[in-house]
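Values in this text are rule-based calculations from the coordinates and carry no lab data. In this text the structure is predicted, and so the values were computed from the model without any measurement. Cβ sites come from the backbone with ideal geometry, for glycine too, and all protein chains shown count toward neighbours.
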Amino acid sequence: MRKRASAAVIGLAIAGVSMFATSSASSHGYTDSPISRQKLCAEGTVTGCGSIQWEPQSVEGPKGFPAAGPQDGQICSGGNSGFAELDDPRGGDWPATQVTAGQDYSFRWQFTARHATSDFNYYITKDGWDSTKPPTRADLESQPFLSVPYNNQQPPATLTHQGTLPQKTGKHLILAVWNVADTANAFYACSDVKF
């Protein structure tokens, strides 16, 4: 009986490891320039992040933003309740990357699984948005300031897009959206910046 119980425990452990490995292998990507909230959590720069600290590449949610996608107030987590810490504005105190209005900027993605890609879109908050509240669609400019078509190609492990930052002042949020071509999902990354 003891041998059978031990074998069952070992079998469950192997199944759990296999499930975790499968989950990680299908995990995907995040931005690190400007540094995203999930990357800040993974590096330990920001604490109290929950499970996102171990899987910054996993902020996946329905695509179609802004017409569809995650609900308002859940945009930074991609609508994934397990990553709700990313939607917490922390009183507006997320560390912010210093940038300059009108500056040419290199937006960089890191990928752990490289899906066929429709496009990448970058949105920014409107002037006067409240950084102490979770972002909503009404807080973001209605059109992306940078769109990069990718024609169903598979990106490399690291991908950089060159773009020009909009004319803004003060603290803002950049939302990067990676639209996957072969699934119904997209990946979301929120980066706090200060002009």
| request: Compute the relative contact order of region 28-194 as a whole-number percentage, counting only Cα pairs closer than 8 Å that sit 6 or more residues apart in sequence. | output: 32
| said: So if each residue of separation counts as 0.36 nm, and I subtract the Cα-Cα distance between Ala116 and Gln98, what length gain in nm does that give? | reply: 3.3 nm
| request: Starting from the Cα-Cα distance between Asp127 and Ala181, subtract it from 0.36 nm times their residue separation and give me the gain in nm to one decimal. | output: 16.2 nm
| task | Rank the residues His161, His172 as a footprinting-exposure proxy: fewest other Cβ atoms within 10 Å of their Cβ go first. | result | His161, His172
| task | May I ask for the angle, rounded to the nearest 10°, between helix 2-25 and the longest principal axis of the chain, with both axes built from Cα atoms and the value confined to 0 to 90°? | result | 20
| Past the 19 Å Cα-Cα mark, which pairs from Lys39/Lys194; Lys63/Lys126; Lys63/Lys168; Lys39/Lys63? | Lys63/Lys126; Lys63/Lys168; Lys39/Lys63
| query | What whole-number value in cubic angstrom gives the convex hull volume per residue for the C-alpha atoms of region 80-160? | reply | 142
| said: Give me P(r) over region 28-194, computed from all C-alpha to C-alpha distances, binned every 10 Å, as integer percentages. | reply: 11, 45, 38, 6
| note | Here the cysteines of the chain lacking a cysteine partner under 4.7 Å (Cβ to Cβ) are none
| note | Highest GNM mean-square fluctuation among Lys39, Lys63, Lys126, for the chain with Cα springs under 10 Å, belongs to Lys126
| message | Using a Gaussian network model on the chain with a 10 Å cutoff between Cα atoms, which of Gly78, Gly29, Gly50 fluctuates the most? | response | Gly50
